[in-house]
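Okay, so here's the structure we're looking at.
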Amino acid sequence: MPIQAAVLAGLGAWLPPRVVDNEELTRRLDTSDEWIRTRTGIHERRVVDPGVSTVDMAIAAGRKALRSAGSERADALVLATATPDHPCPASAPQVASGLGLSGIAAFDVNAVCSGFVYALATAAGLIAGGVAERVLVVGSDAFTTLLDPADRTTVPIFGDGAGAVVLRAGSPDERGALGPFDLHSEGELAELLVVPAGGAKQRVSDEPRDHFLVMRGTAVFRQANARMAESSLAVLDRAGMKVDEIDRFVGHQANIRILKAVARQLGLPEDRLVVNIERVGNTSAASIPLALADAAGDGSLRAGHRVLLSAFGAGLTWGSTLLTWPDVTVEP
Ligand code: COA
């Protein structure tokens with residue numbers, strides 16, 4: 001039997017209703033709307049209310065993706081998240097049950113902001129190996145739950161949300177077929193973006209800050225610029241494609257300056273960048289599917305467009321993949 005490709009057949013996204021704009025942040029942090037807009041491109045972000053979790057958001061986005069695919073069926077669920085509801089167990093089985101899919105294979109992938117691209121590759125492997133025919137891939141992160149509310153270097157950057165796609169077995173020549181993939185990591189630089197406590201190395205800490213995300217922003221910025229550009233070129237090379245064949249670049253929405261710097265390095269015109277960071281901030285594993293849903297919803301991403309997805313995150317991790325956009329409908 002020929003190897004089956006993973007073909008994108010449905011897309012959905014969900015954002016918490018609570019909007020926190022930059023102005024609101026200036027009332028509790030030593031920052032300004034002007035600084036946040038010019039240094040990051042972010043105007044506002046969505047934040048979960050207490051009690052709303054990564055699983056809740058994943059179920060809401062997953063339900064929309066299944067409806068978009070026109071079938072409630074999936075044989076496996078891969079959840080990309082760095083903010084599972086509990087340190088143990090994984091959150092994916094609860095997402096599957098919440099969607100009426102109890103019994104299917106379900107597990108988490110943690111590659112932080114690169115998680116969605118890693119989860120797509122994992123799902124494509126399940127399909128290629130004949131383990132599953134339809135896989136729901138969800139990126140869901142309640143990243144604001146990791147932040148020190150008094151830390152002006154992280155609070156303006158991150159937001160919460162979820163996005164999901166259905167992948168089905170199909171032919172590599174079809175619209176929507178994913179691949180090739182390019183994935184990498186560099187554990188030597190784990191401390192650039194880290195929550196020091198709460199894991200096996202330091203279960204609890206008397207220092208509350210150890211339970212919050214600590215970020216060395218400028219070093220992360222430089223790495224993201226270089227790695228997303230490198231990986232984009234690598235995946236194009238593997239596909240035998242040139243940059244000017246790409247119609248839409250959907251990069252992880254970490255900072256508008258990073259997206260523009262990557263476009264500059266690639267020689268890609270800025271009007272091919274998909275950008276929604278101004279309204280959502282950095283939503284970690286949800287970033288790419290949220291950007292896809294926004295662009296497909298407003299018509300800037302259309303069937304037949306050749307799309308490059310590229311992500312970078314803590315770990316460090318980074319990776320890219322390609323697809324030709326299929327004819328999918330997205331609910332608002
Ligand atoms: N408001 C106002 N000033 C702030 C601020 C804020 N929210 N946060 C930092 N500053 C100050 C700094 O203290 C510094 O002041 P100083 O020059 O007096 O020391 C100045 O602004 C510049 O800070 P710096 O960190 O050098 O700015 P930068 O250009 O690197 O931008 C980030 C900061 C965080 C926006 C940028 O580094 C970034 O986006 N990094 C990547 C983050 C990211 O994407 N993380 C997730 C990866 S998936």
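The charge dipole of the chain, taken about the Cα centre with unit charges on the Cβ atoms of Lys, Arg (+1) and Asp, Glu (-1), comes to about 320 debye, rounded to the nearest 20.
Note on the stretch 107-250: percent of Cα-Cα distances in each 5 Å bin, starting at 0 and stopping at the bin with the largest distance, equals 2, 7, 14, 17, 18, 16, 11, 8, 5, 2, 0, 0. With a Förster radius of 30 Å applied to the beta-carbon distance between Lys201 and Ala226, the computed FRET efficiency rounds to 0.60.
Note on the stretch 181-324: Cα Rg divided by 2.2 N^0.38 Å, N the number of residues, gives 1.13. The mean sequence separation of alpha-carbon pairs under 8 Å and at least six residues apart, normalised by the residue count of the chain, gives a relative contact order of 26 percent. Only DSSP H runs of four or more residues enter the estimate; each adds -39500 (n - 2.57), and after division by the residues of the chain the mean residue ellipticity at 222 nm equals -9000 deg cm²/dmol. Think of each Lys and Arg Cβ as +1 and each Asp and Glu Cβ as -1; about the Cα centre, that makes the dipole of the stretch 73-185 roughly 240 debye. With a 1.4 Å probe rolled over the protein heavy atoms of all chains, the accessible area of Phe181, Phe143 falls in the order Phe181, Phe143, largest first. Work from the charge dipole of the stretch 188-332 (Cβ charges, +1 for Lys and Arg, -1 for Asp and Glu, about the Cα centre) and give the residue of Gly299, Val250, Ala224 farthest towards its positive end. Among Gly299, Val250, Ala224, the one farthest towards the positive end of the dipole of the stretch 188-332 is Ala224. With all protein chains in place and ligands, DNA and RNA left out, the 1.4 Å accessible area ranks Cys88, Cys113 as Cys88, Cys113, largest first. Each residue of the chain gets 127 Å³ once the volume of the Cα convex hull is shared out per residue.
Projecting label points 7 angstrom from Cα along Cα→Cβ for Arg175 and Ser97 puts them 3.9 nm apart. A simple charge model with +1 on the Cβ of Lys and Arg, -1 on the Cβ of Asp and Glu and nothing else charged puts the dipole of the stretch 181-324 at about 100 debye relative to its Cα centre. Across the options Thr38, Ile104, Val131, the greatest Cα extent toward the positive end of the charge dipole of the stretch 5-170 (unit charges at beta carbon of Lys, Arg, Asp, Glu) belongs to Val131.
Solvent exposure of the chain, expressed per residue, is 41 Å² of accessible area, with all protein chains present and a 1.4 angstrom probe.
The share of accessible area on the chain that comes from carbon and sulfur is 51 percent, using a 1.4 angstrom probe. Comparing mean-square fluctuations of Gln253, Gln265, Gln94 from a GNM of the chain with C-alpha springs under 10 Å, the top value falls on Gln265. Computed over Cα pairs, the Kirkwood radius of the stretch 22-152 leads via Stokes-Einstein (0.692 mPa s, 37 °C) to a diffusion coefficient of 202 µm² per second.
When nucleic acids and ligands are ignored and a 1.4 Å probe is applied, Ser91 ends up with an accessible area of around 0 Å².
For the stretch 1-54 versus the stretch 63-85, the spacing of their alpha-carbon centroids is 19 Å. May I ask you to derive the relative contact order of the stretch 1-63, considering only C-alpha pairs under 8 Å and at least 6 residues apart, and to give it as an integer percent? Rounded, it is 43 percent for the stretch 1-63. Accessible surface comparison of Phe116, Phe107, probe 1.4 Å, protein chains only, largest first: the order is Phe107, Phe116.
For the stretch 181-324, the relative contact order works out to 34 percent when only alpha carbon pairs closer than 8 Å and six or more residues apart are counted.
The values are calculated or read from the model by the stated rules, or taken from the named source; none is laboratory data. The shown structure was predicted, so the numbers you read here are calculated from the model rather than taken from an experiment. Positions of Cβ are generated from backbone atoms using ideal geometry, with glycine treated the same way; all protein chains shown enter the neighbour counts. For the accessible areas, the whole protein counts, side chains as well, though only heavy atoms, and no ligand, DNA or RNA atoms are used. Shrake-Rupley method; radii C 1.70, N 1.55, O 1.52, S 1.80 Å.
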